[in-house]
Amino acid sequence: MQEIEIQRIDRRWESLRLPNERQERELLASISSGGIREPLQGVMTGETLLLLDGFKRLRCSQKLGIQRAPVASLGADEAGGMLALLRQSNAHALTTLEQAALVDELKTRYHLSVMEIARHLERSAAWVSVRVGILRQMSESVREAIFSGKFPARAYLYTLQSFTRVNKIPQSEITEFVQAVSGKNMSLRQIDLLAKGYFRGGVEFKAQIQRGQISWTLEQLQKSRVRESPQLGQSEARVLLDLELAQKYLHRLLAGLQKPGLGGNEFFAQADLIVEGILSVLPRFQKSLEVWHDKRR
């Protein structure tokens, strides 16, 4: 590990990493009070560091006027550095899309085959192929919207991808939807609701979203989902409905996972991707339910 001047850090690979405003705000406060605790990582070329990990720390440092930063080398060349970052991705919590972007770069720019990447990472070929496939299915404008932070990555992976898998929605329509709702700072729940209206709600909802009538569309979609009850407010009715759906699909999933005949590389590759997303939120989901239930008792 060494220290170098921040102006000697090359940010050319910044587009391979996803922004996260909440994490960056927290990091800014941490660096302001305690400095940069973890070195920025990349590949040294002469006196310049080609940065691969630490873009949030770098941006925060620049905002705070910090002139020097600790850095550590991940490898002797760029491909080796990307492979090293992917190997340690569990510790650095690379998202699935960030893994996909790095794998795609290794394949297209450095001409490594799926098998070579799998061997270097000690992963299965299916793991690599799924990540190659994720970006291959994206249009350039969708990728730009996601990696610039205008459209949430989780909404693409766990909402829009389900439409392409189950309903065979063409990528051109996915692109149109992403362009229509990007940059509007909507929650994952709102995007999920709009997606259902856009792809399943008929011509009127689709036309309204395309014209930018997002607020009107959300209001109409929310009204259509709220159960009529003089005792319940809209928020209460929506929470009850979501709880019922969660219970329903948990039971269905528990039964479905026990069914014989589940197999095939394609099934397991896609299922693994979805399970990763579920497991990432499951502890927080369970804790929230327990805390809420204990309070009510």
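Here are some notes:
- Restricting attention to segment 133-142, the residues being at pLDDT 95 or above and either within 15 Å of Ile274 (Cα to Cα) or crowded, with 20+ Cβ neighbours inside 10 Å (or both) number 1.
- Test: residue in segment 275-283 that is surrounded by 12 or more Cβ atoms within 10 Å (Cβ to Cβ), touching a residue at least 24 places away in the same chain (Cβ under 8 Å) and charged (D, E, K, R): yes
- Qualifying residue in segment 23-44 (condition: touching a residue at least 40 places away in the same chain (Cβ under 8 Å) and among the charged types (D, E, K, R)): no
- Considering residues of segment 172-200 that are touching a Leu at 6+ places or on another chain (Cβ under 7 Å) and under 19 Å from Glu21 (Cβ atoms) only, the residue surrounded by the most Cβ atoms within 10 Å (Cβ to Cβ): Val181
- Residue within segment 116-123 that is touching a residue at least 24 places away in the same chain (Cβ under 8 Å), closer than 16 Å to Arg12 by Cβ and not in a helix (DSSP H, G or I) present: no
- Counting only helices (runs of 4 or more DSSP H) wholly contained in segment 180-297, the ones carrying 3 or more residues that are over 27 Å from the mean Cα position of the chain (by Cα) occupy 203-210, 214-225, 234-257, 265-296.
- Unmet criterion (only one of (1) surrounded by 14 or more Cβ atoms within 10 Å (Cβ to Cβ); (2) of a type in the set (Gly, Ala, Ser); (3) modelled with pLDDT under 95) for Ala76: (1)
- For Phe151: the one exception among (1) buried (at least 20 other Cβ atoms within 10 Å of the Cβ); (2) of a type in the set (A, V, I, L, M, F, W, C); (3) in a helix (DSSP H, G or I); (4) assigned by TED's automatic domain parsing to the domain that holds Gly202: (3)
- Residue match in segment 83-100 (condition: hydrophobic (A, V, I, L, M, F, W, C), closer than 30 Å to Pro170 by Cα and part of a helix (DSSP H, G or I)): yes
- Residue check, Val71 in contact (Cβ under 8 Å) with a residue 24 or more places away in the chain and not in a helix (DSSP H, G or I): yes
- Consider segment 154-171 and keep the residues that are closer than 19 Å to Arg189 by Cβ and of a type outside the set (Ser, Thr, Tyr). The one that is surrounded by the most Cβ atoms within 10 Å (Cβ to Cβ) is Leu160.
- The one condition from (1) within 29 Å of Leu85 (Cα to Cα); (2) outside any helix (DSSP H, G or I); (3) at pLDDT below 90 that Ile169 does not meet is (1).
The values are calculated or read from the model by the stated rules, or taken from the named source; none is laboratory data. Because the structure is a prediction, the values reported are computed rather than measured. Cβ coordinates were reconstructed from backbone atoms using ideal geometry, including for glycine residues, and neighbour counts include every protein chain displayed.
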